1. Tell me which residues, restricted to segment 163-182, are under 23 Å from the mean Cα position of the chain (by Cα) and buried (at least 17 other Cβ atoms within 10 Å of the Cβ).
2. Could you tell me whether any residue of segment 357-366 is assigned to a strand (DSSP E or B) and of a type in the set (D, E, K, R)?
3. For a quick check of your reading: which helices (runs of 4 or more DSSP H) sit entirely within segment 20-78 and have at least 2 residues that are in contact with a helix residue (DSSP H, G or I) (Cβ under 8 Å, 6 or more places away or on another chain) and within 20 Å of D319 (Cβ to Cβ)?
4. So which of Q313, Q320 ends up being under 16 Å from L26 (Cα atoms), assigned by TED's automatic domain parsing to the domain that holds N235, more than 18 Å from the chain's Cα centre (by Cα) and touching a residue at least 12 places away in the same chain (Cβ under 8 Å)?
5. Exactly one condition in (1) assigned by TED's automatic domain parsing to the domain that holds E164; (2) crowded, with 19+ Cβ neighbours inside 10 Å; (3) out of contact with any strand residue (DSSP E or B) (no Cβ under 7 Å at 6 or more places or on another chain) is false for S216; which is it?
6. Can you pull out every residue in segment 39-92 that is more than 30 Å from N386 (Cα to Cα), surrounded by fewer than 22 Cβ atoms within 10 Å (Cβ to Cβ) and not polar (S, T, N, Q)?
7. For L95, only one of the following conditions fails: (1) more than 22 Å from V162 (Cα to Cα); (2) outside any helix (DSSP H, G or I); (3) touching a helix residue (DSSP H, G or I) at 6+ places or on another chain (Cβ under 7 Å). What is its number?
8. Name the single residue, out of those in segment 379-402 being assigned to a loop (DSSP other than H, G, I, E, B) and among the hydroxyl-bearing types (S, T, Y), that is nearest to G66 (Cα to Cα).
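The values are calculated or read from the model by the stated rules, or taken from the named source; none is laboratory data. Note that the coordinates shown come from a computational prediction; the quantities given were computed from them, not determined experimentally. Positions of Cβ are generated from backbone atoms using ideal geometry, with glycine treated the same way; all protein chains shown enter the neighbour counts.
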Amino acid sequence: MMKYIVVLGDGMADEPLEQLGQKTPLMVASTPVLDSLAKKSELGLAYTIPEGMKPGSDTANLAVLGYNPRVYYSGRSPLEALSIGVDMKDTDIALRCNIVTLSDDGKPYEEKTIIDHSSGEISTEDAAVLIGTVKKELENDIYKFYVGTSYRHLTIWDKGDVVELSQPHDILGKVIGEYLPKQEALKEMMKKSYDILNDHPINKEREAKGLNKANSIWFWGAGTKPALTSFEGKNNKKGAMISAVDLLKGIAVGADMKVIEVPGADGTLHTNYEGKAKAAVKVLLEDNYDFVYIHVEAPDEMGHQGSIPKKVQSIEYLDQRVIKIVMEEMKKAGADYRMLVMPDHPTPIRCRTHTSDPVPYLIYDSTDEQNNTWLYNEAEAKASGNVIKEGYTVINKLFTKE
């Protein structure tokens, strides 16, 4: 029986960089497995972000999973609420509550600069203590705080509004005044959180170690209770999700997919790649699932950090520590499979945030290997001439052998 695999390198696509001789990180990364795979696969470009929608991991991953974002997207935070296990009321609004690093320069809050959207990829353990402190000081009947993963947390606003809020990773290095919420209550909570967190013992310790302080909450991604249809009901495939990120786990919960927790999978450059690969093979071969989605966050995080070497390294890790293992194990088991490898969106080093440009996709069929000369990267995907205009249909290509 055919098995189906998606390997999603979040934010992996990029733009040609002067520092890399006008090549992209995908082009310079040492990816022998992907390069060999590309020659046996269909290659092309897919537009995952519908025109006029923001290029987020939320809309893009919904599209890769076959859900038209125009139909199914109700906001990012509600999907994360599903993962955390918060049962939203129809009148609730979910807000993403990042813990960010603002400049510790003595200036008024509005004049501070946002330095890091992830507080140095803070651990969930430390973040949980900080969110607990904020919760104790700021929570009331209207606003409830919930711990998520690393820097990504959740606030539920009773009888709230879907308000326009700035994404912190879009404004790195900027003075925050003009990007603060227009809603006085939200702005006040963010300001108070700085006073609560900046001199917290955990932040004193982080400062002493040369780490970025996690010294303010940041609200964004407002949305209403989501309503996804069942993945199995839609595709007649029993599906599983492997990700460290609450957003992806939330999409899976909403789609009635199995969520697989992998110890040490934390969404950072040093996540448990091998654990993800082995868990994917197990759910397909031992637990008899039809489909598995392996989501790797690291390339996106390195793009947001603006680190070329680390972004290249994250792609090499994906090649050697995920794709290679999955392919070896599937071959060893004698299992037939089709595999889709792609990013959800680009996260270019140039701007350190997401763009809506099309991304390279690769579809491999172990029972029908092609004979091509191309490699897996943005330029060769474009040169292939294959284009998927509606990103949410890419999964149909995976499931349907032409």
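1. Result: L165, S166, Q167, P168, H169, D170, I171, L172, Y179.
2. Of all residues in segment 357-366, those assigned to a strand (DSSP E or B) come to 359-365.
Filter once more, keeping what is of a type in the set (D, E, K, R): 365.
The answer is yes; a qualifying residue exists.
3. 25-28, 32-39
4. Numbers: Q313 fails: more than 18 Å from the chain's Cα centre (by Cα).
After ruling out the rest, the residue left standing is Q320.
5. For S216, the failing item is (3).
6. G75, I84, G85, V86, D87, M88, K89, D90, D92
7. It is condition (1) that L95 fails.
8. T400
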